[in-house]
Amino acid sequence: NGDGIINPGEAVNLPTWVVNRGDRGEQGVWGILRKTSGDTLVTVTDSVRRFGTVGGGDSAYTGSDGFKFRVAAACTNRYALPFSLVCIDTLDSSYTSSTGLVVGAAQLVAAGTQCWDPRPGGNNNGRLDPGEEADIAIGLANVGLGNVQNVSAVLRSGDARLTVNDSAGTYGNIGRDSTVFNSGDRFHVTADRTIPRETQIPCTLRIYGDVYAVTRVVMLDVGVLTMGDPIPDGPRQPARY
């Protein structure tokens, strides 16, 4: 996708520089990209490039048409690609180095909520309280090494006391190391008045993006107890005080 990150499922062109750390020049240098035998998640499709003469302390480049390989869609975030680069000169001297390449995949996790409750019955305090109807935005943080485009999500309640009236939300693109809320297309929920304050309602968030799908568990907080709030005595039912 042109973002400079090796993503699962991609075919990759790898232009490469080599540097001669020694004082003596090397003639007729060829580079061979090899992978560890037995690895099934990476396929090298073009393994040989000519560097030519590389002077002492100098460097050489494959050009824009570099080594080629393909990464399986099953590769996970931070998967270390099992590559080594072997350079051979006209004297059959051989030098092997690691490429240090890793796969970068998006990894979205829930990262907080925002609430708008000015609807009828709401007290406009910026949180979801028992008996309220409100709009909710849930943050998604990308803690992976890859970007993900066209993100959307579907919210489902795991408790009958919380009704999701509008379950669809859109996020757009979420880059690596960034957090996005669906503030422009929020979820709409109603909390039953019987929910005790400071109850966490378990929900699931099904997240979709280009070549990406995952389900996360999200806990939605309903109400907050303050120092001035009465707490019913118990265990008697109904409470007397």
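The values are calculated or read from the model by the stated rules, or taken from the named source; none is laboratory data. For clarity, every value in this text was computed on a predicted model and none was experimentally measured. Glycine also receives a Cβ, built like all others from the backbone with ideal geometry; neighbour counts cover every protein chain displayed. Accessible surface is based on the protein model in full, side chains and every heavy atom, while ligands, DNA and RNA are left aside. Shrake-Rupley method; radii C 1.70, N 1.55, O 1.52, S 1.80 Å.
Side notes on the structure shown:
- Only one of the numbered conditions (1) at pLDDT below 95; (2) open to solvent by less than 60 Å² (accessible area, probe 1.4 Å) is not met by residue 74, and that is (2).
- Subset of segment 105-121 [open to solvent by less than 30 Å² (accessible area, probe 1.4 Å), in a loop (DSSP other than H, G, I, E, B) and out of contact with any Pro (no Cβ under 9 Å at 6 or more places or on another chain)]: 106, 117
- In segment 200-218, the residue that is surrounded by the most Cβ atoms within 10 Å (Cβ to Cβ) out of those that are at pLDDT 95 or above, among the hydrophobic types (A, V, I, L, M, F, W, C) and out of contact with any Lys or Arg (no Cβ under 9 Å at 6 or more places or on another chain) is 218.
- Any chance residue 153 is modelled with pLDDT of 95 or more, within 30 Å of residue 3 (Cα to Cα), open to solvent by less than 70 Å² (accessible area, probe 1.4 Å) and among the hydrophobic types (A, V, I, L, M, F, W, C): yes
- Test for residue 76: is it part of a strand (DSSP E or B) and of a type in the set (Ser, Thr, Tyr): no
- Selection count, segment 123-138, where residues are small (Gly, Ala, Ser) and more than 17 Å from residue 197 (Cβ to Cβ): 1
- For segment 86-100, the candidate set comprises residues that are touching a residue at least 60 places away in the same chain (Cβ under 8 Å) and open to solvent by less than 40 Å² (accessible area, probe 1.4 Å); within that set, the residue that is farthest from residue 171 (Cα to Cα) is 93.
- The set of residues in segment 60-73 that are part of a strand (DSSP E or B) and within 26 Å of residue 104 (Cβ to Cβ) comprises 61, 67, 68, 69, 70, 71.
- The listed residue being outside any strand (DSSP E or B), open to solvent by 50 Å² or more (accessible area, probe 1.4 Å) and over 27 Å from residue 147 (Cα atoms), out of 2, 22, 57: 57
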